[in-house]
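Asks: Below is the structure I would like to discuss, written out as C-alpha cells.
Read-outs: derived from the displayed coordinates by stated rules, not from any lab. Note that the coordinates shown come from a computational prediction; the quantities given were computed from them, not determined experimentally. With ideal geometry, Cβ positions are generated from the backbone for all residues, glycine too; neighbour counts draw on all protein chains shown.
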C-alpha cells in the first residue's frame with residue numbers, strides 16, 4: 001500500500017480526535033495520516049485513552065504506527081504565574097504521555113478518571129458562568145450533542161455552541177472571531193474562565209512508575225514563557241527543563257506545530273543541552289483548528305524526525 005506524497009517525511013506525536021476536542025474520528029485521523037505519508041502517530045486526547053481501540057484498528061488497516069498517548073492539564077507549583085488580578089498561583093501546564101498503559105485498573109488510568117471527573121465539574125461550572133453572562137440557551141445537553149458524549153466536552157465545543165446559539169453576543173464565526181472567543185471568554189484571562197484541576201505534575205508522573213510511559217511537556221513556550229523572544233526563552237527554559245527532568249519528564253515538545261522554524265531550532269538545542277528528547281507534533285484538532293495541518297503544523301513546515309520516536313522507545 002503506497003504512502004502519500006510526503007512518504008517517510010514525518011511523524012506526529014500530538015493529535016486529537018472526536019473523543020476529546022478534535023473534529024475527526026480516530027478512523028478519519030488514521031486515514032489522513034496515511035494519505036499524508038505520516039509513518040507514526042500518537043493520538044493524545046485530553047484525559048482519556050478511550051479512542052485507542054478504534055485508532056489502533058484503523059492504523060493497522062492503513063499501515064501507520066500508533067503510539068498510545070494522552071494529554072493532561074496539570075499544575076506546576078515550582079514556577080508560579082502572576083494572574084491578571086495581581087495575585088500569584090500555580091502555573092497550569094499541559095503534559096503529554098506516550099506508551100500509556102491501557103488497563104483501566106492501572107494507577108495512571110485512575111488518575112485520568114479523576115481528571116475526567118474534574119473536567120465534568122468544571123464544564124458544569126463554566127455553563128453556569130456563561131448562562132449568567134447572557135448565554136442562556138447554552139446547556140450541558142447541547143454541548144454533549146456536539147461532543148458526542150458529556151465526558152468529551154472541551155472548550156472548542158463551548159466556542160461552537162456560543163456561535164451557534166448566541167451570535168448576537170460573539171458575532172459571526174470567522175477565524176478571527178473563533179480565536180477571539182478563546183481570548184475574550186474561555187482563555188485563562190477570559191470573562192468566563194474557570195480554573196482547571198489542582199493535580200500536580202509530580203502526582204500524575206508518580207502514578208506511572210513501573211510502566212513504560214514517557215512524559216513530555218506540551219507546547220512549552222505557551223506554558224512557561226510570557227514573551228516569545230529569544231532572550232526570554234534562553235533566560236527561562238533551561239531552568240524549567242532542568243526542573244522538569246528532575247521531576248521525571250524526559251521530553252520537551254521542541255518541534256511544535258504552532259511555532260516558527262527558528263524557534264523550533266532554538267528549542268531543540270536547549271532540549272538537547274538539558275539532556276532531554278525533543279518531541280514534536282502538530283497539535284491537530286481538525287476543523288476546530290482549521291489552520292493546523294496534520295503532521296505539518298500551522299505554517300506547514302513542521303518536520304518531526306523519525307529518530308525522535310526511536311529515542312522515546314529506547315527509554316523503555
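Asks: So how do 86-92, 252-258 stack up, highest first, on mean other-Cβ count within 10 Å?
Replies: 252-258, 86-92
Asks: A follow-up question, please. Using 0.36 nm per residue, how much length does the chain from residue 272 to residue 183 gain when fully extended, once their Cα-Cα distance is taken away?
Replies: Contour length minus Cα-Cα distance gives 28.7 nm.
Asks: Next question, about the same structure. Calculate, for residue 103 and residue 125, the FRET efficiency according to 1/(1 + (r/R0)^6) with r their C-beta to C-beta distance and R0 45 Å; round to the nearest 0.05.
Replies: The computed FRET efficiency comes out at 0.90.
Asks: Let me ask something else about it. At 7 Å along the Cα-to-beta-carbon direction for both residue 226 and residue 56, put a label point, then send me their distance in nm to one decimal.
Replies: About 4.5 nm, to one decimal.
Asks: Also: Extension gain residue 176-residue 110, at 0.36 nm per residue separation less the Cα-Cα distance, in nm?
Replies: Stretched fully, the residue 176-residue 110 segment lengthens by 19.9 nm.
Asks: If each DSSP helix of 4+ residues adds -39,500 (n - 2.57) and the sum is divided by the residues in the chain, what number results at 222 nm, nearest 500 deg cm²/dmol?
Replies: Counting only the DSSP helices, I get -12000 deg cm²/dmol.
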